[in-house]
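Written below as structure tokens is the structure these notes are about.
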Amino acid sequence: MTRDELSTIAWNGIWKQNTSLAQVLGLCPLLAVTTNAVNGIMLSLATILVMALSNVAVASLRNFIPHEIRIPVFILIVAALVTVVDLLFNANLHQLYLVLGIFIPLIVTNCIVLARVEAFAAKNPPLQSTFDGIFMGVGMLWTLALLGGLRELLGNGTLFGGIDMVFPSLQPIQLLPADYPGFLLGLLPPGAFILLGCLIAWKNWLDARAAARARRQPPAPAAALGCH
Amino acid sequence: MSEARAFSAPGMALRTAAILFLFVIIFTALLSGAYQWSKEAIEASALEEKTKLLGDVLPVDAYDNDLIRDAVTLPPTPELGLKEASTLYRARKAGTPAALVFEAVAPDGYAGRIRLLIAVRADGSLAGVRVTQHKETPGLGDYIEPKKDRNKEHPWIGQFVGRSLANTPDKGWRVRKDGGEIDYHAGATVTPRAVAKAVHKAVRWADRENARLFAMENAK
């Protein structure tokens, strides 16, 4: 795998095809879980693990899967892997399981896993597919962390609420005064939809601005860079 | 000729079916392997969690029997809001009844049923209450769970400890807004109202059934 390939995969996952902001996939867990930043980060970490595993499994087996039955086979692979991850976490990393555990079954409802398996892993070698899974998950991670952080700030005036369940020594940060009454809409699903809409608009605005700037500037400097 | 047969519809169908079957066999084997391998560890940690939860509602020095094994199965009990069978644990100290630990459900939470684990001492006073399952609004009604309660020193659920029918009149088992003694957080009254009502009903039930429950045959 070349460096170029890796950076394309990373850029696609983190920004260009961001699961939540560009593909707008997997909204069910997104809305349900992002009532604070910590939950969003934890769900994303569990998703990164499952996406990397299912992508590498499908990419390795892709030459043995007939095109006609690929979807049932993909579902079989993803479901089996999620269950195995769930069991292994429960058995070996029980403390982490108590924190992440409720999110692992939620991943099954996340169509992004199947989407990446079908769109990427079924056509690419295992190594690239692993990175695709990881970076798609990283894109989801920062989006969900941002969305969760905004929602709890609006709703509760805190940041990283629930962090003491992951790291008992840490405390949530109270950003707004303690007598902040709380803005309930931020914590309810409609608030998540509204904020997600704002984030998508922000991304589209940045992309449009970058595109306009690229059009205005002559392509010469880029070409010159390529020569050296 | 043979090539034509390889691409015939029934042949194709058989081939894909065989491949799908093979995948099913492989991944089912993987699943059952993982299940067998992790079974013991998962059972052990489930037991540990149960012990910890019981320890949350009833201090371990309150009893000296094997609490988890001294259990009876309760039929569906409307007084506890339970539509299904549940398990009741009996704590004894030096052979005499010490406390009952059982589940109850508050059916009228803001977002459906709230499951509770309640420990009532033999003298009728509450040893502890914990919410085990609920769907109340995150950040608003979920302070009934001590983990989510922002007041870590005196979590809301702690105010039930020590209450009994003797020291709290029937009217007292309501939130302050309704003229009772139970505190609540402004903006979320439905949740504490539901919990307080269910706890009150459970205490009355335990008071009435105490003797019968301790005399019941052990289930295991």
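Summed over the range B:23-53, residues that are small (G, A, S) and exposed (fewer than 13 other Cβ atoms within 10 Å of the Cβ) total 5. A Cβ distance below 7 Å, combined with a sequence gap of six or more or placement on separate chains, defines the contacts here; from the range B:68-80, residues that are free of Cβ contacts under 8 Å to residues at least 24 places away in the same chain reach residues that are outside any strand (DSSP E or B) in the pairs B:I68/B:K50; B:I68/B:T51; B:P75/B:A85; B:P76/B:L82; B:P76/B:K83; B:P76/B:E84; B:P76/B:A85.
Going residue by residue through the range A:145-152, is there one that turns out to be among the hydrophobic types (A, V, I, L, M, F, W, C), over 16 Å from A:L45 (Cα atoms) and crowded, with 18+ Cβ neighbours inside 10 Å?
yes
Does any residue of the range A:150-162 turn out to be more than 12 Å from chain B (Cβ to nearest Cβ) and part of a helix (DSSP H, G or I)? Within the range A:150-162, one or more residues are more than 12 Å from chain B (Cβ to nearest Cβ) and part of a helix (DSSP H, G or I).
Looking only at residues of the range A:50-76 that are more than 10 Å from chain B (Cβ to nearest Cβ) and free of Cβ contacts under 8 Å to residues at least 40 places away in the same chain, we find that the one that is surrounded by the fewest Cβ atoms within 10 Å (Cβ to Cβ) is A:N63.
Checked across the range A:77-88, the condition of being surrounded by fewer than 19 Cβ atoms within 10 Å (Cβ to Cβ), in a helix (DSSP H, G or I) and in contact (Cβ under 8 Å) with a residue 60 or more places away in the chain holds for no residue.
Name the one entry in B:L117, B:L140, B:L100, B:L126 that is buried (at least 18 other Cβ atoms within 10 Å of the Cβ) and either of a type in the set (V, I, T) or farther than 12 Å from B:A202 by Cβ (or both). It would help to see each step written out before you state the result.
Values: B:L117 fails: either of a type in the set (V, I, T) or farther than 12 Å from B:A202 by Cβ (or both); B:L100 fails: either of a type in the set (V, I, T) or farther than 12 Å from B:A202 by Cβ (or both); B:L126 fails: either of a type in the set (V, I, T) or farther than 12 Å from B:A202 by Cβ (or both).
Only one candidate passes the filter, namely B:L140.
Taken over the range B:179-206, the criterion of being surrounded by fewer than 16 Cβ atoms within 10 Å (Cβ to Cβ) and in contact with a Lys or Arg (Cβ under 7 Å, 6 or more places away or on another chain) is satisfied by B:G179, B:D183.
B:R115 meets the conditions (1) without any contact (Cβ under 8 Å) to a residue 24 or more places away in the chain; (2) within 30 Å of A:D164 (Cα to Cα); (3) in a loop (DSSP other than H, G, I, E, B) in every case but one. The failed one is (3). The listed residues are B:E49, B:E43, and the only one of them that is at the interface with another protein chain (Cβ under 9 Å from one of its Cβ atoms) and assigned to a helix (DSSP H, G or I) turns out to be B:E49. Does the range B:143-155 contain any residue that is modelled with pLDDT of 85 or more, closer than 22 Å to A:L98 by Cβ and either not assigned by TED's automatic domain parsing to the domain that holds B:R121 or not in a loop (DSSP other than H, G, I, E, B) (or both)? The answer is yes; a qualifying residue exists.
The values are calculated or read from the model by the stated rules, or taken from the named source; none is laboratory data. If you're wondering where the values come from, they're calculated on a predicted model, not measured in any experiment. Glycine also receives a Cβ, built like all others from the backbone with ideal geometry; neighbour counts cover every protein chain displayed.
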